[in-house]
Every structure is written in structure tokens, then in C-alpha cells.
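The values are calculated or read from the model by the stated rules, or taken from the named source; none is laboratory data. Keep in mind the model is a prediction, meaning the values are calculated, not measured. Virtual Cβ from ideal backbone geometry, glycine too; neighbours counted across all protein chains shown. Heads up: the accessible areas ignore ligands, DNA and RNA and are worked out on the full protein's heavy atoms, side chains in. Shrake-Rupley method; radii C 1.70, N 1.55, O 1.52, S 1.80 Å.
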Amino acid sequence: MTGMDNGSANRPGHQNDSAKAWATVRGHLRESAGVRLFDQWLKPIELIESDESDTIRLALPSAFMTNWVRNHYADRLIAEFRAILPDVRKVSIETRAATLAPAVLTVETSIAPVARPVVPSARPALDSRFTFDRFVVDASNMVAFNAARALAEPGKPRFSPLFLHGGTGQGKTHLMHAIGHAFLAACPEASVILMSAERFMFEFVSAMRAKDTHAFKTRLRAADMLMIDDLQFIAGKDATQEEFFHTINEVMGAGHRLVISADRCPQGLDGVEARITSRLSVGLVADIKTPDLALRRAVLDRKLADLPDASVPVEVLDLLASRITANIRDLEGSLNRLIAYAQLTGEAIDLDFAVATLGDVLRGAERRVTIDEIQKAVSAHFELKPVDLVSARRAVVVARPRQIAMYLAKRLTTRSLPEIGRKFGGRDHSTVIHAVRRIESLRDTDREIDGAVRMLLRELEG
């Protein structure tokens, strides 16, 4: 570890103290930096003889490594040594080659001795609004929420990677920021990186053009937690995918945490290499489904709780929740717009004001469900052919799905009862009435029927 010459015999106490301090500092660095970063950059450092009792001299095998350690760890090394040897004033980070001048960093004696410092770490720009306690949970996102909380816990992760997928504006980014907040709260010294896949691609391409990919790779692969949002954007980008594959391999191989989000499950990412999707599938894949009416309404209530000066009538909240069904982001944006317009105009918020202010949004949010779509959805759910629903078959395995389809047609479309009957094999309106009443009754007593109807409503309304 040391490169002493005969002159060291004249200062045995100083050298022994320095050697003991260096052994302690190395241990701290190994613990905080992680195995791969330590082995690559910090393990090669050697303690060499110093002619001055207030100076620590460290050496590395190349100028490139010397510069990297100086730029990333100089302050940390000074603080570490001073915590053990308060008389240390200088840490010299040098290159072993005698022809290269040492790089010296000086600490003035006016600086008081410090305790072991908090390690400077990567701090992502986390949104303070996106925390676990502000995430509204229900059955559509509960698995993703619980998985995110589990991955943020300190200690050895139970699984990694976590792959979150769902439509735009459903809460994936919120959960990623929440993971970052919770993990850093539990492990303040941790290195956390959160970036979009587009940002990953931009930084990688910039590093290639600058012929400096080493720093880019080292920073990402050394992170205790790496989170990449919207992975679908690297589809078809071969060079970026190559680097991404090696990055996630390094992060996972080091036992660090990895979180990825996309708008589809790994196997549904067209244009992304199979080896990447396969690697990302070995952890936990959790989907976030389209929010149902109850969740949309709960989100609005949660949003209003943060706006104590805003007054929005219940009927307006019900209107927004029932008409804006695509995603949570649009729903919150519409509420923000409504409140802002009311504050700017001085008008009170009521149904007329909401329709006048959000008319374009409400009209655009109206989804025209057709009977054909209902028949296809019901057939797929019950593993039938669409033709079965319009056939004369009366077996319960066909009759009950047919009744459910009629019930949904009555509820989700503006078609008249005779029109609905004609779409189901020429049946008359009394058959449709019977079907609607039968399903309404069964929903109160049969959990399977009620569950199937809820699922189909969520699918068709989304």
C-alpha cells in the first residue's frame, strides 16, 4: 500500500499515524462509494512518504485517474484525514510518474477539525409535491405503490429492478420521485440519479461527441439508485440501447437499486432490444391501470386539500371526475385551470362556469363508446366470439355475458332500447329491459358479476 524510502525511518511516528489513518479512510471510502466505484478509482490510491508532518501524499498510476479523484474526492479526503489527524493541513494527490507535477489541495489552519462528513452525493431535482403521502391509492395502482415503497426502504432491496408501466399521466413519474424522496430520507449519503430516457440519450450522445464517455458511464453505474423515466423513447436508438444495456447490467450486478418506467410492459416495447426487456423483467413488473371514477374523484379531493382558499362545489368535482377519464394529469390540470380562471375573473365556480371555462376539455374528453366496442370487450373478457352475443344460444355461459353487454350498452351509449335489441340479433326492447334489470340485481348479490362489470366499465370508459 505504501511506497516508503529510507528517509521514512527518520519520521516513524508520523508515517505510522498516516498509515493507520489511511487504512481507516480507505474503509470509509469502500463503504460509501460501493464496490465498483471503489475498485475502479479509489483502490489504486497509495499513501506515499511525506517530508512534512502536516501533509498527506497520495498517488495514483495515471494522470487521468489523478484528475478524476482530485475533482470528485479531494474535499472528502481532506475532511476524512482531518477527522483523524487534526494537524493535517494539506492532501497532495499526485501521479506516480516523476515527470508530472503533484496536484496539491491545501486546507488552511483556521479551519476547525470536523467530524466524519456526510458524503457529497448525486441529488436529483425531485419535485416536492411528489411524495408517497400525496399519492392517492386504490386497486388500480396499489401493487405499484407498495412496490415503490418497498424499494425505497433502506437495507438490501427485496427486488430490483422495479419496472412501472401505465398510460401517460397515471402516476409513474410521481412514484419515481416519491421513491427518491423516501430513499434519500432514509439514506442521506446515498447517490441517486433520476433522468428521463431522452436525457440519458442526450447525455450519452454528448459524451460520445466530446470523446468523454468514461465519466458518463462512471457516474451512472456508481449510483446507489438509478431511475430512468419513459424508457419507450430509446426505441430504435441502437447505440443508446447498447450503452443502456451495459449500464443496467452494471447497476444490477453491483446490487444497487434500479427503477424503470414506460408506457407499456417490457415485452410490449417495440423497437427495444429483447436482451434489455428480458433483463428488466427479472425484477418486479407493476402496472398502473386507468383510474376509475372513485379514484378520479379522490384525486380531486386530495388536490383541493392543498388549496384551502379554493371553493369548488361537489357537483363540479363530480362533473370533472366523470368526464375527464383519460389520466390523472389532465384531471388535475383541468381543476387548476378552473380555479385560476375563477381567481382571475372574480367569478364563483359553479356548473355553468365550469362548462364555459372547460368546454373544450369536457367535449374532447367525451368518449363515444359504441355497441360494437362493448360486444368486443365483453367477448374478450368472457373468452367468447362476438358472434356468440348476437346468436340464439341460450346457455348461461353465453346468456349472462350477453345480458352484461346489453346492460353496458344501455349505460354507456345513447342508443334506444329497440336499437340496442337490434344490435343483439334482432331482440326486442323487453329483452333488453330484462337484461338490464337482471344485471343490476346480480351486481348487488354476485361479487363475480359485479367485479366483471366494474372491470369492463373501467376498460370502456378509459
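Assuming charge only on the beta carbon of Lys and Arg (+1) and of Asp and Glu (-1), the dipole of segment 270-343 about its Cα centre is about 180 debye to the nearest 20. Beta bridges per DSSP, both residues in the chain: antiparallel share near 20 percent.
Tell me the angle of helix 314-323 to the major Cα principal axis of the chain, expressed in degrees between 0 and 90 and rounded to the nearest ten. Rounded to the nearest ten degrees, it is 90.
Rounded to the nearest Hz, the phi-derived 3J(HN,Hα) couplings of segment 82-96 under the Karplus curve 6.51 cos²θ - 1.76 cosθ + 1.60 (θ = phi - 60°) are 5, 5, 9, 10, x, 7, 5, 10, 9, 10, 9, 9, 10, 9, 4, where x marks glycine and proline. Of the residues Lys289, Lys20, Lys217, the one with the largest accessible area comes first in the ranking Lys20, Lys289, Lys217, computed with a 1.4 Å probe on protein heavy atoms.
Hey, how many Å between the Cα centroid of segment 209-250 and the Cα centroid of segment 26-98? The distance from the Cα centre of segment 209-250 to that of segment 26-98 comes to 28 Å.
For the chain, the carbon plus sulfur part of the accessible surface works out to 51%, probe radius 1.4 Å. For Lys211, a cut-off of 23 angstrom between C-alpha atoms picks up these lysines, skipping any fewer than 8 places away in its own chain: Lys237. Taking all Cα-Cα distances within segment 191-310, those exceeding 17 Å account for 62%. Set Lys and Arg Cβ to +1 and Asp and Glu Cβ to -1, take the dipole of segment 175-261 about its Cα centre, and tell me which of Ser191, Ile234, Phe216 lies farthest positive. Sorting the options by dipole projection puts first Phe216.
Here's how it looks for Glu94: its modeled amide H is under 5 Å from those of Leu58, Ala59, Leu60, Ala103, which are all 5 or more places away or on a different chain. Applying a DSSP loop filter and a limit of 10 other Cβ atoms within 10 Å to the trypsin sites (Lys or Arg not before Pro) in segment 422-458 leaves nothing.
In straight-distance terms, cross-link reach from Lys376 covers every one of the aspartates and glutamates whose alpha-carbon lies under 18 Å from its own, apart from those fewer than eight places away in the same chain; here that gives Asp388, Glu419, Glu459, Glu461. Computed over the alpha-carbon pairs of the chain, the distance histogram in 20 Å steps reads 19, 37, 27, 12, 4, 0 percent, short to long.
Taking the Kirkwood radius as Rh and the Cα radius of gyration as Rg, segment 284-377 has a ratio of Rg/Rh equal to 1.04. A simple spin-label model places pseudo-atoms 7 Å from Cα toward Cβ; at Asp446 and Val387 they are separated by 2.6 nm.
Counting only Cβ charges, +1 for Lys and Arg and -1 for Asp and Glu, the dipole size of the chain around its Cα centre is about 1400 debye.
On a 0 to 90° scale, report how tilted helix 447-461 is relative to the longest principal axis of the chain, with both axes built from alpha carbons and the result rounded to the nearest 10. Between helix and principal axis, roughly 80 degrees. Within the set of other residues whose C-beta is less than 13 Å from the C-beta of Asn71, count the net charge using Lys and Arg as +1 and Asp and Glu as -1. Within the 13 Å Cβ shell, the charges total +1. Leaving out same-chain residues fewer than 8 places away, which lysines sit with a Cα under 29 Å from that of Lys303? Lys303 reaches Lys172, Lys289.
Solvent-accessible surface of the chain, averaged per residue with a 1.4 angstrom probe and all protein chains in place: 50 square angstrom.
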